[in-house]
1. Mind giving me the FRET efficiency for residue 396 and residue 116? R0 is 35 Å, r the Cβ-Cβ distance, nearest 0.05 is fine.
2. Residue-wise, which Karplus ³J(HN,Hα) couplings in Hz belong to the range 444-450, taking 6.51 cos²θ - 1.76 cosθ + 1.60, θ = phi - 60°, and x for glycine or proline?
3. Post the alpha-carbon centroid distance, the range 411-457 to the range 76-114, in whole angstrom.
4. Please give the contour-minus-distance gain from residue 349 to residue 388: 0.36 nm per residue of separation, less the Cα-Cα distance, rounded to one decimal in nm.
5. With θ set to phi - 60° and the Karplus curve 6.51 cos²θ - 1.76 cosθ + 1.60, what are the ³J(HN,Hα) couplings of the range 338-355 in order, to the nearest whole Hz, using x for Gly and Pro?
6. Shape call for the range 269-434 from the C-alpha gyration tensor, a ≥ b ≥ c root eigenvalues: rounded (a/c under 1.5), prolate (a/b greater than b/c) or oblate?
7. Using the beta-carbon distance between residue 200 and residue 153 and R0 = 45 Å, what value does 1/(1 + (r/R0)^6) give for FRET efficiency, to the nearest 0.05?
8. Measure off 7 Å from each Cα along the Cα-to-Cβ vector at residue 216 and residue 377, then give the distance between these two points in nanometres to one decimal.
Amino acid sequence: MVEDEEKPRSKLYVFEPLIHRLPEVAVPKRHVAFKERFLWTGVALVVFFVMVQIPLYGMVGEPGSFFGYLRYVLASHAGTIMELGIGPIVTAGIIMQLLVGGKIIKLDMSDPDDRALFTGVQKILAIVMAIFEAVMLVFGGWYDPGRFSATATPLSTGANVFLIVQLVLGAIVVIYLDELISKYGFGSGVSLFIAGSVTSEIVWRAFTPAASAQYAGQMIGAIPNFIRAMISGSSTQIGEAFTRSNLPNIMNVFATLIVFFIVVYAESLRVEIPLAYGQFGGMRGRYPIKFMYTSVIPVILAMTVFANVKIIASLLARAGYTFLGTVSPASGLVYYLEPPSGIASVTADPLRAVIYLVILVVVCIGFAWLWVQMTGMGPRDIAQQLQDSGLSIPGFRRDIRVMGWVLDRYIKTVTIMSGAFIGVLAALADFTGALGSGTGILLTVGIIYGLYEEIAKERVSEMFPAVRRLFGE
């Protein structure tokens, strides 16, 4: 008998000793109970919200948010150790998926050893990206006191290095919180931190009764301001409550609700493929393929790319190269990667809106296709799963190639359509000026919807342990 030749090992195995030395969250050796998952998810969120309240020590002035509207997608909080947010994690994931998907790095994701290697290298790369982004921000001049006062003394090299260390440590904590939630909680840390950041921003901008000293004592929250205007009986104040541009208004609240209902409706759309279970007398069932097949993942990946372009552009601009744009761009690529917020801004600069829309849709379609190929959601992967479960498609041979061909007709179309739809919806949502940014609302609703489905599945498996086998647990 001729033994199978051992497959060549990936060159990435050179990182294996370093991966083993890195701290990691242990894989659970038993099924994690429903209540325990809730507990760990809550603990991780509490730690995250505590971190966003810790300011960077040694920072002079209030630099504001470098990432602008992207801060919602990145769970970034200006002037804190959470300035980088989830950016390093997602950027590392994008790079690794591109390398593996493009066959530049040869890894078999069905092999547990290769999959563990992929995860370990991705963690190392996330730390490297955190260092890179922190260096770009600090030495790109974002925390330079000269931005606030021409007579200010520049930060010393030691002070800049200390800022970098704080930013990197904050990013590393986020990396391990994400790992904790992925193994012991619900969803992923990346998704939960986005949802938590956007939700807190919506609550603040919609309901806070705090007064703004900058705008004649007006209430910041759109709803309290509207209530005060109604009580005053002044038609001018009521009109301003709907249309004021400097603070949240009621139209922003309506835009938020509209985006919410559109996403919920889109998440419920699906195509159902009939299936037959050969071992039980041909018992019939259906395999649902969601219209939002890749959910909101393409937008998260696209916005992370935009954020990294902005980081690089700021450093190049400081060196005198402004072809990509600047921190507050009036031209260049970065200018078109930021959407005009509000209908008035869109009508004032329609070309910018159209270019942003086209770029976002194209990038989202590309990432949707990449995500399907890299995460076992492709037609052949699904066909293999169905065949292994003893399922077949009525009217077709129980052959993985035939089943893959049938599924390909649906999955390929849905992948492209879902990527395009989520890109268009994200852009239009941003154009409306919704609270917490339109993209932020879109992501939050999609994340919460997916989290609800996961919790419901976990609850069923907790009540009926035999059901876990259907979920591959």
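1. Working: r = 36 Å, r/R0 = 1.03.
Computed FRET efficiency for residue 396 and residue 116: 0.45.
2. Once θ is set to phi - 60°, the couplings for the range 444-450 become 4, 5, x, 5, 5, 4, x Hz.
3. Here the answer is 21 Å between Cα centres.
4. So the extension gain works out to 8.6 nm.
5. 10, x, x, 9, x, 4, 4, 5, 5, 5, 6, 9, x, 4, 4, 5, 5, 5
6. Prolate is the answer for the range 269-434, as a/c is 1.5 or above and a/b outweighs b/c.
7. Rounded to the nearest 0.05, the efficiency is 0.80.
8. 4.9 nm
Every read-out reported here was derived from the displayed coordinates using simple, explicitly stated rules and does not represent laboratory data. Remember, it's a predicted structure, so these values are computed and weren't measured experimentally. Backbone-built Cβ (ideal geometry, glycine too); neighbour counts: all protein chains shown.
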